[in-house]
1. Output the residue which, of all residues in segment 21-46 that are among the hydrophobic types (A, V, I, L, M, F, W, C) and in a strand (DSSP E or B), is surrounded by the fewest Cβ atoms within 10 Å (Cβ to Cβ).
2. Checking V402 against (1) of a type in the set (A, V, I, L, M, F, W, C); (2) touching a Leu at 6+ places or on another chain (Cβ under 7 Å); (3) within 13 Å of the ligand (Cβ to nearest atom); (4) within 30 Å of D293 (Cα to Cα), which test does it fail?
3. Filter segment 579-615 down to residues that are buried (at least 21 other Cβ atoms within 10 Å of the Cβ) and either away from the ligand (no atom under 16 Å from the Cβ) or modelled with pLDDT of 95 or more (or both), then give me how many there are.
4. For segment 510-539, give me each residue that is touching a helix residue (DSSP H, G or I) at 6+ places or on another chain (Cβ under 6 Å) and over 18 Å from L492 (Cα atoms).
5. Between a residue in segment 530-547 that is of a type in the set (F, W, Y) and any residue that is surrounded by 17 or more Cβ atoms within 10 Å (Cβ to Cβ), which pairs come within a Cβ distance under 8 Å, given they are 6 or more apart or on different chains?
6. Condition first: outside any loop (DSSP other than H, G, I, E, B) and buried (at least 18 other Cβ atoms within 10 Å of the Cβ). Now tell me which residues in segment 286-300 satisfy that.
7. What is the number of the single condition among (1) more than 22 Å from L389 (Cα to Cα); (2) without any contact (Cβ under 8 Å) to a residue 60 or more places away in the chain that L258 does not meet?
8. All but one of (1) surrounded by 23 or more Cβ atoms within 10 Å (Cβ to Cβ); (2) within 12 Å of the ligand (Cβ to nearest atom) hold for L348, so report the exception by its number.
Amino acid sequence: MCGIVGYAGNRDVVSVILKGLTNLEYRGYDSAGMALRDGDDIKVYKTLGKLINLKNELESRKSELIQPTCGIGHIRWATHGSPSIVNAHPHSCTCGKLVVVHNGIIENYKELREELTVKGCVFKSQTDTEVIAHLVADEYSKVKDLEKAVRNSVSKLQGAYAVCVMHKNVPDLIIGARKHAPMLVGIGDGENFIASDTPAIIEYTKKTIYLDDNEIAIVTKDSVKITDADGNEVVKKVEVLPWEPIALSKLGYKHFMLKEIHEQPDVIRNVLNGKLYDIDAPIVLNEVKLDKDTIKNLKKIEIIACGTSLHVGMAAKYIIENFTGISVEVEASSEYIYRKTTTDASTLVIGVSQSGETADTITAIKQAKEKNAHILIVTNRPDSNMARLADSLIPVNAGIEVSVAATKSYIAQMISFYLLAIHIAEVKGTLDDVYLKNLKHEIIQLPTKVEEILSNTTTIQECAKKFSSFKNFIYIARGVNLATAYEGALKLKEISYINATGYAAGELKHGPIAMLDETMPVLSILMPGGITYEKILSNSEEAKARNAKLIALTSSKDTNIDALFDVVLRVPQVSEILSPVITCVPCQLLAYYIAEFLGKDVDQPRNLAKSVTVE
Ligand code: G6P
């Protein structure tokens with residue numbers, strides 16, 4: 001979603017901000033803008049669409065600029081008001097002296113807008129953000145101190161915000177403030193940064209201060225001061241970012257998504273590292289802060305997540321129930337937060353999120369926390385807001401994921417759940433020794449099996465070409481791979497805009513079968529060795545009888561099935577319970593190659609955001 005970059009320093013301010021915004025653009029946006037302190041003036045530039053348009057605009061108006069000394073930039077993902085230049089950030093107060101960029105949603109913006117209009121403020125946009133510009137300017141006219149003006153103003157805002165403010169009368173100063181939306185300060189040598197996320201600054205500094213809710217950062221090129229809501233200075237820990245700038249490079253791949261799919265074997269190794277290294281040793285999961293008795297007595301686990309992370313949760317239900325016998329409920333965060341739940345102090349609540357910033361999941365976790373449930377967060381961002389709510393935190397260490405469509409974070413979360421389920425099973429003693437050893441042995445082999453798939457993608461590419469003209473798709477599976485069917489269909493929808501739906505194969509005949517004909521291909525995920533293989537084969541026959549084109553995703557060596565299916569995507573053999581780790585990869589690749597073949601913007605699909613920080 002939206003992204004913020006602020007910079008004060010001696011480098012080329014325009015380039016630093018553009019670079020920072022470029023490193024945030026994977027989050028999804030529809031317009032961009034920048035405000036630059038240039039001599040005594042503040043100059044504002046805004047464009048619709050991709051950052052290249054802002055870059056070109058700045059280039060064409062280069063002669064207007066003398067030497068900017070600081071600036072704030074923004075990419076906007078429209079919430080209030082359509083994507084347009086007038087609605088793009090930065091927004092200004094009526095006289096144009098104060099500029100602001102904002103991530104989040106101001107819930108009481110209508111009331112504030114009315115009050116400020118009565119005071120004579122002239123609004124130009126339909127955004128909620130513009131009220132912040134007028135509000136701070138109004139306060140500043142009274143208190144004549146920008147820091148105080150920001151502090152007084154943000155106390156009147158309801159909702160979520162990460163804001164950066166500059167004022168014409170206060171040279172070379174950027175003020176940042178946050179509540180329920182991430183913001184950090186990057187510390188450099190003779191230069192400082194403010195940003196909504198770390199990729200924006202990683203090329204310049206790894207030293208970071210994460211702001212907490214209600215804190216305000218007062219930043220110049222030579223100084224950083226953080227205060228609380230009362231104006232008291234707060235001493236904050238300077239953290240060192242774990243990522244290298246190289247993580248933001250495509251390393252020769254056409255798209256980040258393809259690069260990230262290919263990183264998955266190493267991602268699995270990373271997750272296993274130090275946790276599962278010997279089939280005779282128990283899983284080491286020190287991150288789980290529940291004592292053995294609590295684990296033994298666990299009666300219910302609730303998994304709360306959105307999107308792809310929700311699909312991980314769906315597979316995790318099968319895995320945890322299978323290994324431990326503990327009942328698991330899985331729910332979309334957006335549903336959990338608007339109903340009376342049965343979560344209580346004895347429930348283990350697991351929030352799953354690659355970004356750690358998904359607003360609905362954060363709200364759900366806060367609600368569960370209020371009920372005194374133990375909160376376990378599984379995330380790729382241990383530095384996120386969600387991670388801070390955790391009683392137990394499992395960082396999945398997939399490395400930064402740039403493509404909006406999640407791939408390597410999915411597999412990393414999935415592996416984390418296998419480790420968690422085995423850990424619980426070992427404490428409870430619910431799996432026998434031989435089974436456990438075989439299971440661990442197989443898990444250790446998973447990276448090699450994924451490598452095998454990635455080493456030859458010709459059949460998947462041919463299949464993508466063959467099926468790229470279809471407008472609809474159905475994915476079917478049963479059991480633990482039902483989540484793969486949902487996730488495979490979601491991947492296809494997200495990046496190719498083809499209508500695709502995942503169904504439990506047994507449900508096909510209860511409605512979806514009515515849609516089947518030669519225009520509706522069916523992808524069946526059928527892994528032999530389990531109890532559902534034959535059943536899915538029959539479901540596929542039923543689809544064939546309705547003239548549907550069929551794709552099989554299977555490890556079956558049975559060549560008889562080649563006559564039933566139009567294409568067979570073969571994957572290495574693995575136990576059914578572990579197979580989602582294997583089956584997800586061809587689904588990711590199929591979606592990727594179809595989208596690529598159709599010429600879609602694979603890494604930044606339309607309307608989507610990597611980090612959904614609004615409800
Ligand atoms: C967005 C992303 C999805 C992601 C979902 C949940 O919609 O585009 O890829 O699955 O948010 O995000 P989370 O960060 O909580 O996993």
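The values are calculated or read from the model by the stated rules, or taken from the named source; none is laboratory data. Please read all numbers here as calculations on a predicted model, not as lab measurements. Because the Cβ atoms are built from the backbone with ideal geometry, glycine has one as well, and the counts that use them run over all protein chains shown.
1. Initial filter on segment 21-46 (among the hydrophobic types (A, V, I, L, M, F, W, C)): 21, 24, 32, 34-36, 42, 44.
Those still in the list that are in a strand (DSSP E or B) too: 32, 34-36, 42, 44.
On the way: A32: 29, M34: 29, A35: 30, L36: 26, I42: 24, V44: 17.
Per the stated criteria, the residue is V44.
2. The number of the failed condition is (4).
3. Residues that pass the stated criteria total 17.
4. Answer for segment 510-539, where residues must be touching a helix residue (DSSP H, G or I) at 6+ places or on another chain (Cβ under 6 Å) and over 18 Å from L492 (Cα atoms): L516, L526, M527, G529, G530, T532, I536, N539.
5. Correct list of pairs: Y533/L526; Y533/M527; Y533/S556.
6. Taking segment 286-300 as the starting set, the residues that turn out to be outside any loop (DSSP other than H, G, I, E, B) are 292-297, 300.
Passing the criteria: only I295.
7. Single failed check for L258: (2).
8. Checking L348 against (1) surrounded by 23 or more Cβ atoms within 10 Å (Cβ to Cβ); (2) within 12 Å of the ligand (Cβ to nearest atom), the one that fails is (2).
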